[in-house]
Structures are given as C-alpha cells and as structure tokens.
C-alpha cells in the first residue's frame, strides 16, 4: 500500500495582510520552524524592502530559505521547491512541525504540485520576444493578456522574464502556459492546510501604504544604493521587486523620492489585488480565511491544524 502524503501547514495571503506575524505565532505554538515562500526574501542583502523577519523573530523561530541566494543570480520556482522539500523533510525528521509562510503563490504551487515539463527554450523565438519587449513592453504584456489572461494576472506587467517565457511557451506549443499547468498532474507531495488572514480591502490598502512609508523611513533607498555598489546590475531579477524597482528608477532620475514612494504604494496595491484574485481561484486545496494575528488568528489556525492532522490519521 502506498504511503499517504503527509500534511503540511501553509500560511499565505496578500502582501501586508500580516501572514508573517501570524506564521510566527503559529510556529511558536506548535514548536515548529518556518519555511519562507517569498521570492525575494531568498536574496542576501534585500532586507528592508522585503520586510524580512527581524533578528528577534529569527531568534524566536528558526527560518529556512531566507538569505540563501546571490542577488546577481535569478532564483527559480523549481530551485525553491527542491530546497523547500529538503527543509520540510529536515524539520519533520527532527520531530517538529514545518510551517510554510509566504505570499509567492507560484512558489507554493510549485511546492505542492511540482512543475510541468516545459519545452526547451528556443533561441530564435526568445531573441525576437526580447527585442519586442525592448521596443514596447506594454504591447508585449497586452499580447500575453490576450493569449493567457490568467498567467498575465498572476505574473503582472513588470516581470520581463516570466512574461517572455509564458509567450515563448505559447508560441512553441500553441497552448497557453495556464493550460499546461491545468493538465499537469503529479502525485501530491503533501496534503496541505491552507490558511490566510482575512482583512477588508480598505484595511489591507491602508496597511500597505503604512508599510511602504515605514520601509522608506527605515532606509530602503540607502539599501538599494548599497546593493548597486556591490556590483549587482540594475537589471537583476532581485531588483525587480516592488520598492526596489521604484528606488532604482528614482536613482536613475526618472522620479523624485515622493513619486517613488507613491509608485511603490500603487504597485503594492495592484499586487495585492492580483494575489487576492489568485487566492479566490486557488486550486491546491480549500483556503481557510482566519482572523488576523491580533484578533486570535494563531489560535484559529492551530485548531484547524489539529483537525487536519486528525483527519489524516483517520484516513
């Protein structure tokens, strides 16, 4: 008889919803360790803009997959999934609970479902798409919205590499990337419990604005200057993160500090909107909306986790 996949606790949600604080409290209650699922917290030196866990939080609960990548190199979902499985295995082998916490939902999907075998890159197609992007990025993104609106919504208009790859897959296979994902079936590695802190849209946007103000006041501009001084190129994927991208634009002279802050707020709100849309269509399992951490969210998650693990034992 095949062994049933183990349960896995995943705390996700839109940016600034408080999932980091919620995950920290839950991990403490369970005596567990956190596996970060944040596409930019993996990069060393990107501390303020990614709002990484504080030194105090790192002392309270051990974190995995934070500061594991060189910002000169692109970190991929496939690498994340492999490292995350290794971290989860290590945690559970020591008799502890692994708590996956993060807002990069594509990483979470890669962890739970694996990656489909995409076609090999084609130099001719890739070069042509790259040139089209250089001439008019907005036009290229609109094409993706036409052929694969779900992928466009998930990726957003600024992630050049993923936009071009999605279009390349479409041109090489005649099918949108989303269709490949839907057809992709692999045995599940885990049976996840998915929980997210619930906040009203107005409260979430207010928290986003306050967070952006805090990050800039904490030295985000100076952090970007240090990163660039360490020979990280401006086109590096790490610097495409919201906040970093706007500061780079400011340093290049396209806007002033006030405009950079407002652009960061606007991009963050748009990103949160895309994340909420993704969560409404989540296919990896049932999403449980729970109170935020300050309203007893940790207790709600631990109750759900107890029921989830009990159900797994009975099956």
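The values are calculated or read from the model by the stated rules, or taken from the named source; none is laboratory data. This one's a predicted model, so the numbers in the text were calculated from it and none came from an experiment. No Cβ is skipped: glycine too gets one built from the backbone with ideal geometry, and neighbour counts run over all protein chains shown.
Would you tally the residues in the stretch 55-67 being touching a helix residue (DSSP H, G or I) at 6+ places or on another chain (Cβ under 9 Å) and not in a loop (DSSP other than H, G, I, E, B)? Result for the stretch 55-67: 4. Among the residues making up the stretch 222-258, those that are without any contact (Cβ under 8 Å) to a residue 24 or more places away in the chain, under 19 Å from residue 163 (Cβ atoms) and either outside any helix (DSSP H, G or I) or not assigned by TED's automatic domain parsing to the domain that holds residue 71 (or both) are 234, 235. The set of residues from the stretch 181-219 being closer than 28 Å to residue 242 by Cα and modelled with pLDDT under 80 comprises just one member, 181.
One line per residue, one yes/no per condition, for (1) assigned by TED's automatic domain parsing to the domain that holds residue 266; (2) buried (at least 20 other Cβ atoms within 10 Å of the Cβ); (3) touching a helix residue (DSSP H, G or I) at 6+ places or on another chain (Cβ under 6 Å):
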{"position": "31", "(1), (2), (3)": "yes, no, no"}
{"position": "37", "(1), (2), (3)": "yes, yes, yes"}
{"position": "42", "(1), (2), (3)": "yes, yes, no"}
{"position": "69", "(1), (2), (3)": "yes, yes, no"}
{"position": "72", "(1), (2), (3)": "yes, no, no"}
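Only one entry in 3, 52 is in a loop (DSSP other than H, G, I, E, B) and free of Cβ contacts under 8 Å to residues at least 12 places away in the same chain, namely 3.
Within the stretch 4-18, does at least one residue satisfy the condition of being farther than 21 Å from residue 276 by Cβ, modelled with pLDDT of 95 or more and out of contact with any helix residue (DSSP H, G or I) (no Cβ under 6 Å at 6 or more places or on another chain)? Yes.
Scanning the stretch 147-174 for residues that are over 22 Å from residue 105 (Cα atoms) and without any contact (Cβ under 8 Å) to a residue 12 or more places away in the chain yields a total of 1.
Scanning the stretch 27-34 for residues that are under 14 Å from the mean Cα position of the chain (by Cα) and touching a residue at least 12 places away in the same chain (Cβ under 8 Å) turns up nothing.
Residues are listed down the side, and each one gets a yes or a no for (1) surrounded by 18 or more Cβ atoms within 10 Å (Cβ to Cβ); (2) in contact with a strand residue (DSSP E or B) (Cβ under 6 Å, 6 or more places away or on another chain); (3) more than 17 Å from residue 43 (Cβ to Cβ):
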{"site": "204", "(1), (2), (3)": "yes, no, yes"}
{"site": "210", "(1), (2), (3)": "no, no, yes"}
{"site": "214", "(1), (2), (3)": "no, no, yes"}
{"site": "220", "(1), (2), (3)": "yes, no, no"}
{"site": "239", "(1), (2), (3)": "yes, no, no"}
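Residue 193 - would you say it is touching a residue at least 24 places away in the same chain (Cβ under 8 Å), within 21 Å of residue 19 (Cβ to Cβ) and either in the same structural domain as residue 83 (by TED's automatic domain parsing) or not in a helix (DSSP H, G or I) (or both)? So residue 193 passes the test.
Tell me which residues, restricted to the stretch 277-306, are assigned to a helix (DSSP H, G or I), at pLDDT below 95 and out of contact with any helix residue (DSSP H, G or I) (no Cβ under 8 Å at 6 or more places or on another chain). Answer for the stretch 277-306, where residues must be assigned to a helix (DSSP H, G or I), at pLDDT below 95 and out of contact with any helix residue (DSSP H, G or I) (no Cβ under 8 Å at 6 or more places or on another chain): just 280.
For beta carbons closer than 8 Å, sequence separation of 6+ or different chains, a first residue in the stretch 271-294 that is over 20 Å from residue 111 (Cβ atoms) and a second that is at pLDDT below 90, the qualifying pairs are 271/156; 277/153. Note on the stretch 81-110: residues that are touching a strand residue (DSSP E or B) at 6+ places or on another chain (Cβ under 7 Å) and assigned to a helix (DSSP H, G or I) total 6.
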